[in-house]
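The values are calculated or read from the model by the stated rules, or taken from the named source; none is laboratory data. Here the structure is a predicted model, which is why all the values come from computation and not from measurement. Ideal geometry is used to build each Cβ from the backbone, glycine not excepted, and the neighbour counts take in all protein chains shown. Heavy atoms of the whole protein, side chains included, go into the accessibility calculation; ligands, DNA and RNA do not. Shrake-Rupley method; radii C 1.70, N 1.55, O 1.52, S 1.80 Å.
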Amino acid sequence: MQTTKKIVLIVLVLCTVFGAAFGVERIDPKSMTAASTQELFTTDVDDFLNVNEFANVMPSKIFGFLGYGDDGEKAIQLGFATQLKSMYIAGFFGGLPTVWESKTEPQANNKKKTTIKTTGTDAATGTLLVGFKNMGVSGSFTFKPNTGNQRIIDETAKTDVTTAKFDTNANLKVGMNTNGPKDWVFKSYAELGVKSTTDKTTNKDNDTKSTTINDTSASDLLLNAGTAFDFFQKGSVTQGLAVGLETKWVLPKPKTGITIDNGKETAYTKTVGEVGKLATLISPAGVPGHIIKLAPAYTIAYEPEGKFAVRAQASLPLEFDLRSEKDYDEQKIASVVQPKTYNSNRKHTVYTYFKPTLAAAVTYRPISKLCLSLGAGFEVPAFGWQTDTTQTRNASDGKVTETKTTVTWNFNSNSAGGKFEASSGIAWYVTDKVTVDGSWNIAKNLLDGKFHTQLQENNGTLTQDKDRFWANLNKLFVHNISFLISVKL
């Protein structure tokens, strides 16, 4: 059942790629082997925090690793795991710690001005997993400060201004492995999360006892689930299927333009009925709103005993993006709630589209302590259709007087619609306990997202050809190697 764990990881990757346009993504551990093989081959680094695959690690005493992400610099990836009798515990930190700065400036009349702020905009994730036999539970929290995240207390002006600008991502995930027919093992997971962008300014005037709040924050509720299993295994060939379901529901927006006088709310504005991110789009590649995504995946692996192994994966994700313009604005002015004024020309949009993906990877061991890896991934331009329904309504009561529907077919053939990516790596098994896992980007630099190499042809003068020869040699072999080190005792 070697392929199943790979499919679980692949489906998770497929289900998170599209969500990067809003908020902050959770930082998950990833080995250089996974990075260099399009996630098709994995190691203990990928498994130790996986709610379905943690049992593959099983350290006698402790497992740990240290790396700096795909590029091998700046962002830390630090993990550990240990087995306490029947309970498995693993922890992970990814990213960079948030740095806070506090500055106090003296003012006249023995007063002062204090500024507390975050420096930098680096994200950080902390994750803890607890496993019992065939079940794993993990919780994670990601925090990313944004520019302007601060609090200023001015004793002279008698003001206290808090500008909260940050992204968060909180997730709870449960995984369970269950036996099915024909010795199949179903590796299933469910996930609940909230991803938020906070942008809120609170201005307290201690002299007038009034507070104003402007809040443009936004949050999404994430409900995800999936399962994977190997359905065929004969000799060196294994075939598997998986399906991942991800849903993202935009939570109601908070009140904004709030005024509080002497503890009493006297004014506010609240948008009601808006669904999704209503930015200008070039469909179907836009900013996600309400999304339902179903991602079936098929994987085949050929892994004979010896030096060579190959895996390939195909997926045909189906995505729905639902959007609606606001129904009405709810307002309070001078402590009086105003009559509703409905949106007289409300538009509802449904995007339905497919985004096929293909990936393949090979590993080769020229000697027992060395493993070379090569991967390639293809993302086909998205295609599907867009349904726009526009309602003409009475502004006084919201009653619909006319409805118009249009359907537009789309094939996103622009440069952002599809892509090709190559990757390569090298792993050194120093001992049976220590591994140096590296990403050596020869393939990425040589192909650069194209179906032909970036090498220069020899078609000039002797001097020019000589220069091209050394340039090509450099292109083939001289590249930075990013690596992480793992130890299992």
Residue 185 open to solvent by 50 Å² or more (accessible area, probe 1.4 Å) and on the phi < 0 side of the Ramachandran plot: no
Residue in the range 327-343 that is small (Gly, Ala, Ser) and either open to solvent by less than 20 Å² (accessible area, probe 1.4 Å) or free of Cβ contacts under 8 Å to residues at least 60 places away in the same chain (or both) present: no
Residue satisfying all of: in the range 166-182; closer than 25 Å to residue 140 by Cα and polar (S, T, N, Q); most open to solvent (accessible area, probe 1.4 Å) among these: 178
Qualifying residue in the range 358-374 (condition: among the basic types (Lys, Arg) and in contact with a helix residue (DSSP H, G or I) (Cβ under 8 Å, 6 or more places away or on another chain)): no
Looking only at the range 142-165, and only at residues there that are closer than 30 Å to residue 77 by Cβ and small (Gly, Ala, Ser), the one that is surrounded by the fewest Cβ atoms within 10 Å (Cβ to Cβ): 148
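Every residue, every condition in (1) part of a strand (DSSP E or B); (2) in contact (Cβ under 8 Å) with a residue 40 or more places away in the chain; (3) over 30 Å from residue 301 (Cβ atoms), yes or no:
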site: 136; (1), (2), (3): yes, yes, no
site: 157; (1), (2), (3): no, no, yes
site: 161; (1), (2), (3): yes, yes, yes
site: 182; (1), (2), (3): no, yes, no
site: 190; (1), (2), (3): yes, no, no
site: 202; (1), (2), (3): yes, yes, yes
site: 211; (1), (2), (3): yes, yes, yes
site: 224; (1), (2), (3): yes, yes, no
site: 240; (1), (2), (3): yes, yes, no
Residue 264 closer than 24 Å to residue 315 by Cβ and surrounded by fewer than 16 Cβ atoms within 10 Å (Cβ to Cβ): no
Residue check for residue 93: in a strand (DSSP E or B), of a type in the set (Phe, Trp, Tyr), open to solvent by 70 Å² or more (accessible area, probe 1.4 Å) and out of contact with any helix residue (DSSP H, G or I) (no Cβ under 6 Å at 6 or more places or on another chain): no
Hits in the range 166-198 - residues which are under 14 Å from residue 248 (Cβ atoms) and among the basic types (Lys, Arg): 195
The range 172-183: number of residues that are closer than 14 Å to residue 225 by Cα and out of contact with any Leu (no Cβ under 7 Å at 6 or more places or on another chain): 5
Filter pass, residue 457 being acidic (Asp, Glu) and modelled with pLDDT of 95 or more: no
Given (1) within 16 Å of residue 272 (Cβ to Cβ); (2) outside any loop (DSSP other than H, G, I, E, B), number of the condition residue 395 does not satisfy: (2)
Looking only at the range 108-128, and only at residues there that are under 15 Å from residue 150 (Cα atoms) and not in a strand (DSSP E or B), the one that is most open to solvent (accessible area, probe 1.4 Å): 121
Residue tally, condition touching a residue at least 40 places away in the same chain (Cβ under 8 Å), aromatic (Phe, Trp, Tyr) and either open to solvent by 10 Å² or more (accessible area, probe 1.4 Å) or closer than 23 Å to residue 123 by Cα (or both), over the range 55-87: 2
Candidate set from the range 344-368 (those that are closer than 22 Å to residue 428 by Cα and over 33 Å from the mean Cα position of the chain (by Cα)); member that is least open to solvent (accessible area, probe 1.4 Å): 366
Checking residue 409 against (1) open to solvent by 70 Å² or more (accessible area, probe 1.4 Å); (2) part of a strand (DSSP E or B); (3) farther than 30 Å from residue 80 by Cα; (4) modelled with pLDDT of 90 or more, the condition it does not meet: (4)
